[in-house]
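Read the structure below first, then the notes.
Every number here is computed from the coordinates shown, using simple stated rules; none is lab data. Only a predicted model underlies this, so the values are computations on that prediction, with no experimental measurement involved. Positions of Cβ are generated from backbone atoms using ideal geometry, with glycine treated the same way; all protein chains shown enter the neighbour counts.
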Amino acid sequence: MNHDSQEPYIELVGASKSFGDRKILDSIDLKIYQGEALVIIGPSGTGKSTILRVIAGLLELDEGEIYIKGKERKGLIEDGNDPIGISMVFQQAALFDSLTVRENVGFILYQKSTISEEKITKAVAETLGLVGLDPEIGDLFPAELSGGMRKRVSFARAIMSNPQNPEANPEVILYDEPTAGLDPIASTVIEDLVRELQKVSNACNTYVMVSHQDSTIRRTADRVMFLYNGKIQWQGGVKEIDTTNNPLVRQFFSASTNGPIN
């Protein structure tokens, strides 16, 4: 896809982030465009989830800038308003254990709207339907759900929109290892769901994902970016995974202990 005339939805310029003496992101430049499905890969501990948290506004850069639809973001997400809504699906679903499914999915409406309980219940039911869940589970607690169902509930929460604040409605979803810990069949269900949500007109169609799982990378990515030693070492289309001569990518997908990855 040619993006030459298109403004990036999200852009990192010279993005650097350290934790103690360890530099996790080292002057990274990255552009993400509307409608893209970008999957960030690489060995564990190389900063993939850090990029997601920077984009989400949960971590501040040490150096460099981040632009959201052309507007520079200063500070963290609570310090200002982004021109587009960005939601994040955490690796372990990160649901509130003490809240029901309905209260988890409708959390933003309970917290930041004056919508009636009846309308919230209806909105939650519709959103649960989008992720393939029966609205009847609304009264259950997360502990009563399977791992795959908890993942779906977290997806529903991420795409929930607030009709009283449409500017904040999610247009980008950040997925942190959405299939981690799931069996192959459950992983396929989640992978299909990620792609289906991209096509839903009233949900967002742009996402950035971190994944180690081969099937998830191949089934959910349009563009793949390899992160190692704080730098973007390779990026290309998902079909280029099997044709590139990049030794990092070759070693990663062959699971070999011999190669440039320590």
**Message:** With θ taken as phi - 60° and the coefficients 6.51, -1.76 and 1.60, list the Karplus ³J(HN,Hα) couplings across segment 152-165 in order, rounded to whole Hz; mark glycine and proline as x.
**Reply:** 5, 4, 5, 5, 4, 4, 5, 9, 4, 10, 10, x, 8, 9
**Request:** Count charges around E63 for me, please; just the other residues with Cβ under 13 Å from its Cβ, Lys/Arg as +1, Asp/Glu as -1.
**Result:** -3
**Item:** HN-Hα J in Hz across segment 84-89 - Karplus 6.51, -1.76, 1.60, θ = phi - 60°, x for Gly and Pro
**Value:** 9, x, 10, 10, 10, 9
**Prompt:** What is segment 36-174 by shape, rounded, prolate or oblate, if you read a ≥ b ≥ c off the alpha carbon gyration tensor as root eigenvalues and call it rounded for a/c under 1.5, prolate for a/b larger than b/c, and oblate otherwise?
**Reply:** oblate
**Message:** In segment 169-262, if the dipole is taken from +1 on Lys/Arg beta carbons and -1 on Asp/Glu beta carbons about the Cα centre, which of S256, V200, T244 is farthest to the positive end?
**Reply:** T244
**Request:** With θ set to phi - 60°, apply the Karplus curve 6.51 cos²θ - 1.76 cosθ + 1.60 along segment 26-39 and write out the HN-Hα couplings as whole Hz, x wherever there is a Gly or Pro.
**Result:** 10, 6, 7, 10, 8, 10, 10, 10, 4, x, 7, 10, 9, 10
**Complete:** For the chain, the percent of all C-alpha pairs falling in each 5 Å bin, from 0 up to the bin holding the max distance, is 1, 6, 13, 17, 18, 17, 13, 9, 5, 2, 0, 0
**Request:** For Q164 and L76, calculate 0.36 nm times their separation in residues minus their Cα-Cα distance, and state this gained length in nm to one decimal.
**Result:** 29.4 nm
**Message:** Roughly how far apart, in whole Å, are the Cα centres of segment 147-225 and segment 10-78?
**Reply:** 19
**Request:** Please go through the residue pairs K17/K74; K31/K239; K31/K151; K17/K112; K31/K199 and name each one whose alpha carbons sit more than 23 Å apart in this structure.
**Result:** K31/K151; K17/K112
**Request:** Choose one of A125, P163, S187: the residue whose Cα lies farthest towards the positive end of the charge dipole of the chain (beta-carbon charges +1 Lys, Arg; -1 Asp, Glu; about the Cα centre).
**Result:** S187
**Message:** With 10 angstrom as the radius, rank E63, E11 by how many other C-beta atoms surround their C-beta, starting from the fewest.
**Reply:** E63, E11
**Message:** Quick check: pseudo-label points 7 Å beyond the Cα along Cα→Cβ at F253 and F19, how many nm apart are they?
**Reply:** 2.9
